[in-house]
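Here is the structure we will look at.
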Ligand SMILES: [Fe+2]
Ligand SMILES: [Fe+2]
């Protein structure tokens with residue numbers, strides 16, 4: 001958890017430009033790791049629903065609440081605020097990918113990208129997502 005918090009801080013410190021590059025970098029790492037095109041697509045789209053108005057405190061609070069009070073996190077993720085949409089960006093991202101015609105596999109990978117990985121695909125996406133952070 002603290003690794004994730006440190007990474008989040010590094011992302012924020014690097015600024016919005018780093019966020020904009022994150023999807024491309026995730027996809028690029030997946031290509032290097034030998035992922036097929038669907039998995040690369042999942043890498044490209046995985047954070048597509050992260051609100052552009054996400055602020056530093058959303059990211060920090062999201063990590064801390066997930067660790068300390070996961071039930072509270074689930075409650076907070078139900079609204080329509082930036083924080084709620086940030087907390088639930090995996091689910092919203094999966095819905096957006098579905099609307100754009102993504103396959104079930106891509107949709108499922110996006111939906112689960114903040115849950116513990118349970119397949120080789122999910123582990124590869126998690127690794128690339130992690131390595132794509134500054
Ligand atoms: Fe994400
Ligand atoms: Fe990500």
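Just a few scattered comments:
- Lone unmet requirement of (1) within 22 Å of residue 55 (Cα to Cα); (2) part of a helix (DSSP H, G or I) for residue 123: (1)
- If the condition is being under 24 Å from residue 66 (Cα atoms), away from ligand 2 (no atom under 14 Å from the Cβ) and not in a helix (DSSP H, G or I), then the range 84-116 contributes 88, 116.
Every residue, every condition in (1) touching a residue at least 40 places away in the same chain (Cβ under 8 Å); (2) buried (at least 19 other Cβ atoms within 10 Å of the Cβ); (3) more than 16 Å from ligand 1 (Cβ to nearest atom), yes or no:
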{"position": "32", "(1), (2), (3)": "no, no, yes"}
{"position": "43", "(1), (2), (3)": "yes, yes, no"}
{"position": "55", "(1), (2), (3)": "no, no, no"}
{"position": "72", "(1), (2), (3)": "no, no, yes"}
{"position": "75", "(1), (2), (3)": "no, no, yes"}
{"position": "78", "(1), (2), (3)": "no, no, yes"}
{"position": "83", "(1), (2), (3)": "no, yes, no"}
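- Test result for residue 48, assigned to a helix (DSSP H, G or I) and surrounded by 13 or more Cβ atoms within 10 Å (Cβ to Cβ): no
The numbers here are math on the coordinates, done by the rules we state, and not lab data. Remember, it's a predicted structure, so these values are computed and weren't measured experimentally. Counting neighbours? That spans all protein chains shown, and the Cβs are built from the backbone with ideal geometry, glycine included.
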